[in-house]
Amino acid sequence: MTFFSFFRLTLSVLVLTIFSGCTNHAMNYAIESWQNHPVSQVIAEWGPPSEELKVSGKHLFIWNSYDGVLASPLEPRRPDIPDSRYCMRLLEVDSVDRVKFGAWEGKDCPGIFSGWSR
């Protein structure tokens, strides 16, 4: 391996690491920006959730995206799609429907370019 090839490889890994970190930070910020706000405002911005669940005393709203397209409430999960093109956003609301917790997962969450922040 030549010095130039090694340098290019190192630079590529560094750029990917930085980009990945920026996406994680941006997605965390997007989710956290809705804390203590009515879930109705989130729905107005994000569209209807793919799923709404009440489990173990928790009220959860879930948005599933595949290839950048939000899954409809009629077809919330598509297990045949590999998770490399998948993004899930989850919000838990309190008794007055204000967001109290949020999380996300997936390799296809657009982060800073999503428009998902408040």
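Summary table
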quantity: Top-ranked residue in segment 16-63 [being of a type in the set (S, T, N, Q) and at pLDDT below 90; ranked as farthest from the chain's Cα centre (by Cα)]; calculated: Thr17
quantity: Criterion (modelled with pLDDT under 60 and charged (D, E, K, R)) met by exactly one of Arg78, Arg8, Arg85; calculated: Arg8
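The values are calculated or read from the model by the stated rules, or taken from the named source; none is laboratory data. Predicted model only: the values in this text are computed from it and were never measured.
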